[in-house]
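Report on one structure; see the data block that follows.
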Amino acid sequence: MPKTVNSQNIEKDAPKLAVSALIINEEEKILLVKDKRSQQWRAPSFSLRDSNIPEAQLSAKVKSVLNLNIESPQLIAGDLIEDVYLLRFLVSDFSGETKLVSEKYSEVKWFSKDEMTAKKNICPLVIAVSLKAHNYLEQSQYKDKYHRSLADYQNLIKQTAQEKTEFIKYANGRLLEELLPVYDHLKLSLFNLPETEVKNAWVIGVQHVLKQFKELLNTEGVEEVVTINQPFDLNTMEAIEGAGDLVIKEVMPGYKLNGRLIRAAKVIVGQGQPENKEV
């Protein structure tokens, strides 16, 4: 008759849980401690009370034994050693000055990859896992470089698209600047017309052309600078006469192309009442 397996037997036979910290510095050296009993150099390891949040328990143990504050430990391996299941964590983000406070360990020292291979009294499992840790770290660095390069490329695409948009917006600027005097002269041709000529065919024709001209300019993003009865704006206006901060007369209109000034308005400033805009 087969033996009955109860929960107590399962708990009794289950392996204990422990954690180990492979702490690597910027020189890619690993911090090892010397076990007093075996005289072997090994990664600092600690038994756990339970399996709840091993990373937090590892951080607390490292702080109490080595005086180091560790951040974001990465699980890289798990080994069953006799009746202990050892979780190995890679730690590359830490702060503090190393100070050993332990009855289990006698010394603490940083080892390079070559020093670990050459030294005889280093735990073989630690050497094997340290190589894995270095490979993991290199892959992480390559992954970080990949993400940074990808982000740079995406930023470059956005910048190029923005520059292209800006170029398209202002590509016709030079041509429009040359057309503006023609537009101004058309407007002036209708200024102060005698009453008898207002309904002449040529006047109606010029008005029609002027309307189409204005619609074309607006479509291309050209807008006229508002001046009359406005405070003088050094960014969009040029005062050619007078003293004061109020525009009372516009001598030559100014224009913007998609919000960018392409010709400043020439105005007369003063403190009195503004004149009606000509045209």
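Can you confirm whether the range 255-273 contains a residue that is loosely packed, with under 13 Cβ neighbours inside 10 Å, of a type in the set (D, E, K, R) and not in a loop (DSSP other than H, G, I, E, B)? Within the range 255-273 (the criterion being loosely packed, with under 13 Cβ neighbours inside 10 Å, of a type in the set (D, E, K, R) and not in a loop (DSSP other than H, G, I, E, B)), the answer is yes, since at least one residue qualifies.
In the set (1) surrounded by 12 or more Cβ atoms within 10 Å (Cβ to Cβ); (2) farther than 28 Å from Lys16 by Cα; (3) modelled with pLDDT under 90, Gln139 fails one condition alone, (1).
Pairs meeting the criteria (first residue in the range 207-233 and within 21 Å of Glu178 (Cα to Cα) and in a loop (DSSP other than H, G, I, E, B), second residue at pLDDT 90 or above and among the small types (Gly, Ala, Ser), beta carbons under 8 Å, at least 6 apart or on different chains) are Val225/Gly254; Val225/Ala264; Val225/Ala265.
Restricting the search to the range 183-206, which residues are within 21 Å of Gly254 (Cβ to Cβ) and free of Cβ contacts under 8 Å to residues at least 12 places away in the same chain? Within the range 183-206, His185 is the sole residue that qualifies. Can you report the number of residues in the range 52-75 which are in contact (Cβ under 8 Å) with a residue 40 or more places away in the chain and either under 10 Å from Val91 (Cα atoms) or part of a helix (DSSP H, G or I) (or both)? Residues meeting the conditions: 7.
Counting just the residues of the range 1-29 that are in a loop (DSSP other than H, G, I, E, B) and among the charged types (D, E, K, R), which one comes out modelled with the highest pLDDT? The residue in question is Lys29.
Within the range 30-44, residues that are assigned to a strand (DSSP E or B) have Cβ atoms under 7 Å from residues that are among the acidic types (Asp, Glu) in these pairs: Val33/Glu107; Lys34/Glu107; Arg42/Asp35, counting only partners at least 6 apart in sequence or on another chain.
The values are calculated or read from the model by the stated rules, or taken from the named source; none is laboratory data. Values in this document were obtained by computation on a predicted structure and should not be read as measured data. Here the Cβ is made from the backbone with ideal geometry for all residues, glycine too, and neighbour counts use every protein chain on show.
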